[in-house]
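Chemist: Below is a structure I'd like to ask you about.
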Amino acid sequence: LYRNRVILEGTLLKPMMILPGSSCETRATADEIASATLRTMRQVVPPAVPGIMFLSGGMSEEEATVNLNHINLLADSGLREWKAPWSLSFSFGRALQSSALNIWKGNPEKISLAKEAAVAVAKVNALATLGKYEGPHPSQYRASLYEN
C-alpha cells in the first residue's frame, strides 16, 4: 500500500465479520464472532486506518446488530489485547435495510412506515457502534439472507 501511495488515514475498510460458513451446522455465538473478528482485524489492519465498516454478510438485521454490539463491547472492555484503534460500524447493506424494503415493496402508500422502520433500525445500530445495544430489536425481518 505504501509503495502505491495509499493514504491509510483516508481509507475505510469494508470486510465481513468472521462468521462460520453458511453450510456450517454449528452456529457461533456473538462473543465468538466478536473475538474472532477483532483478533483478525488486530493482526492485519494498520492502526492508521480510521474505520472498519462491516458488511452484513447474509446476517439478519438483528444478528448484525448484536454481533457489532459484541465487537464494540469487547473492543471497549479495557483489556489491552482487544483494544481497537479504529471506529467499528456498518457499511449499511441489504441486511440492515430488510425491514424497510419489505414494508415498502415499491408501494408509495408504505413509504412513511418504511422510513419509520429504517430509522428504528438505524437507532439500534448507532447504539451497537457504542457497545450499548440492549434490545429489543425493531426488525420486521428476522431471517438471515441465507434462510430465504
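The values are calculated or read from the model by the stated rules, or taken from the named source; none is laboratory data. Being a predicted model, the structure only gives us computed values, none of them experimental. Because the Cβ atoms are built from the backbone with ideal geometry, glycine has one as well, and the counts that use them run over all protein chains shown. All accessible areas refer to the heavy atoms of the entire protein, side chains included, with ligands and DNA or RNA removed. Shrake-Rupley method; radii C 1.70, N 1.55, O 1.52, S 1.80 Å.
Chemist: Answer yes or no: is there a residue in region 75-83 that is buried (at least 19 other Cβ atoms within 10 Å of the Cβ) and either touching a helix residue (DSSP H, G or I) at 6+ places or on another chain (Cβ under 8 Å) or under 30 Å from Y2 (Cα atoms) (or both).
Modeler: yes
Chemist: Out of curiosity, is L68 over 30 Å from S112 (Cα atoms) and either assigned to a loop (DSSP other than H, G, I, E, B) or at pLDDT 95 or above (or both)?
Modeler: no
Chemist: Let me ask another. So, of the residues in region 2-38 that are open to solvent by 90 Å² or more (accessible area, probe 1.4 Å), without any contact (Cβ under 8 Å) to a residue 40 or more places away in the chain and not basic (K, R), which turns out to be nearest to S87 (Cα to Cα)?
Modeler: My answer is I7.
Chemist: Would you call L101 outside any helix (DSSP H, G or I) and within 20 Å of F54 (Cβ to Cβ)?
Modeler: Answer is no for this residue.
Chemist: Also: Could you tell me whether region 43-60 includes any residue that is part of a helix (DSSP H, G or I), open to solvent by 50 Å² or more (accessible area, probe 1.4 Å) and touching a residue at least 24 places away in the same chain (Cβ under 8 Å)?
Modeler: Scanning region 43-60 turns up no residue that is part of a helix (DSSP H, G or I), open to solvent by 50 Å² or more (accessible area, probe 1.4 Å) and touching a residue at least 24 places away in the same chain (Cβ under 8 Å).
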